[in-house]
Structures are given as C-alpha cells and as structure tokens.
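Data first, discussion second: the structure below is written as structure tokens.
Coordinate-derived values only; no laboratory data. Only a predicted model underlies this, so the values are computations on that prediction, with no experimental measurement involved. Note that each Cβ is placed from the backbone with ideal geometry, even for glycine, and that neighbours are counted across all protein chains shown.
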Ligand SMILES: C[S@@+](CC[C@H](N)C(=O)[O-])C[C@H]1O[C@@H](n2cnc3c(N)ncnc32)[C@H](O)[C@@H]1O
C-alpha cells in the first residue's frame, strides 16, 4: 500500500528526532537501563496493567515504541513476548541496541502501525497503542489491529476503544502540536 504524504512527513520528522527523544526521556533517569534490566521495572500505569491483566506468555505488539521503547521493555518485564514496532528506522535501531544491552528478548520491527504489513493475521494476543495522534487514518489502523489480534480480544474491546481513539484523535488534531511540522495537512 502506498504511503501517504502526511505519513512520510511524520516518519521523516520522527526519524530525525529519535536521538533527542531518547536523550530527553532518559535525561532525568540515570538508572534507566538498570531499572528495566535488573529491577524488572515497568513504566506502565496501574490502569494499563489492570486492563491487560496477566500478560505472561502472551504475544503483545507495541505499535509505536519509539527509541526508548520503555513500554515494550515494561511489557517484556511483565512476561509478555513483545514485538515493538515503529515507523522510523532510527527508533528501531536504538530500541534494538537497548534490548541487547540489557538482555531483553524483544523483536523490533520498522513498520507503519496503520498497516502492520509483515505482522501475521491473528498472531497477537494483545495490542498496545500510545500517541495515536500520529496516525493519519484511524479507520485503517482499527481494521489492521482487528486483523492481527486474536478474535477473542477484539470482541472484548473493539467498539469502546475505537470510539475513544476517535475522540482522542480529534482532540489532538485540533491542537497545536501537529501544526508545527511543516507541510502537514489534515
Ligand atoms: C511520542 S512517541 C511515543 C513513544 C512511546 N510509545 C510513549 O508513549 O512514550 C510516538 C512514536 O510514534 C511513532 N510513529 C508515528 N507514526 C507512526 C506510524 N504510522 N506507525 C508506527 N509508528 C509511528 C514515532 O516514530 C514515535 O516514535
């Protein structure tokens, strides 16, 4: 599927920013690597962990992991078998290095969360998505996520989550954040 102009702009802007994003996210956390390595720590909220329940042994896909991949590391520390995705090669390169450095067995893939093209149908027990504001086509993303997640989990969550995604997306789109990226048109 051809990538839209907006998605190209978002990918290129984020690809350049990932190094700074990583530095920014760990600047006040000298223990960042130790936290995820030895402490088995998680950066997830209580609500996220409660919603997911016991993830040990589940296949979990993190749609937009970024360079720090802190949520992918968190889910792995909770026992999930994690695939971390991001549209930018620089995020995946950094995340892969981090996982290697601290000995976490996580697969990282450069992929557009809206299509998840190399991810097999019904291959994931859970799908975790943050900052969906960056996705241009939420309908396409919802269809894709329905495709890759096992049917049982989709039935439990699809309607409510899609409605929430649309509200969140609308709110962010009316905000100033995206306007700062030159050339982006919604
Ligand atoms: C603000 S970061 C989110 C990082 C992390 N998940 C968190 O919550 O802190 C947004 C990430 O989404 C990625 N991204 C943007 N559009 C994407 C897309 N279509 N598919 C996959 N990743 C995307 C960016 O490259 C960036 O790493």
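Could you list all residues from the range 41-56 that are assigned to a loop (DSSP other than H, G, I, E, B) and farther than 25 Å from residue 18 by Cβ? So that I can check it myself, show each step before the final result.
We begin by selecting, within the range 41-56, every residue assigned to a loop (DSSP other than H, G, I, E, B); these are 41-45, 53-56.
Answer for the range 41-56, where residues must be assigned to a loop (DSSP other than H, G, I, E, B) and farther than 25 Å from residue 18 by Cβ: 53, 54, 55, 56.
Could you grab me the full set of residues in the range 24-40 that are without any contact (Cβ under 8 Å) to a residue 40 or more places away in the chain, within 14 Å of the ligand (Cβ to nearest atom), in a helix (DSSP H, G or I) and out of contact with any helix residue (DSSP H, G or I) (no Cβ under 6 Å at 6 or more places or on another chain)?
Residue satisfying the conditions is 24 alone.
For the range 75-90, give me each residue that is touching a strand residue (DSSP E or B) at 6+ places or on another chain (Cβ under 8 Å), under 20 Å from residue 44 (Cα atoms) and part of a helix (DSSP H, G or I).
75, 76
Anything in the range 73-88 that is near the ligand (Cβ under 10 Å from one of its atoms) and touching a helix residue (DSSP H, G or I) at 6+ places or on another chain (Cβ under 7 Å)? List them, or say none.
Correct list: 84, 86, 87, 88.
Filter the range 91-119 down to the residues that are free of Cβ contacts under 8 Å to residues at least 40 places away in the same chain and in a helix (DSSP H, G or I), then identify the one that is farthest from the ligand (Cβ to nearest atom).
Looking at residues that are free of Cβ contacts under 8 Å to residues at least 40 places away in the same chain and in a helix (DSSP H, G or I), I get 100.
For residue 125, all conditions in the list (1) away from the ligand (no atom under 12 Å from the Cβ); (2) in contact with a helix residue (DSSP H, G or I) (Cβ under 6 Å, 6 or more places away or on another chain); (3) in contact (Cβ under 8 Å) with a residue 40 or more places away in the chain hold save one; what is the number of the exception?
Single failed check for residue 125: (2).
If you go through the range 57-71 one residue at a time, do you hit one that is within 15 Å of the ligand (Cβ to nearest atom), part of a loop (DSSP other than H, G, I, E, B), under 15 Å from the mean Cα position of the chain (by Cα) and without any contact (Cβ under 8 Å) to a residue 40 or more places away in the chain?
Yes; the residues of the range 57-71 include at least one that is within 15 Å of the ligand (Cβ to nearest atom), part of a loop (DSSP other than H, G, I, E, B), under 15 Å from the mean Cα position of the chain (by Cα) and without any contact (Cβ under 8 Å) to a residue 40 or more places away in the chain.
What number of residues in the range 111-137 are under 29 Å from residue 38 (Cβ atoms) and within 11 Å of the chain's Cα centre (by Cα)?
Here the count works out to 5.
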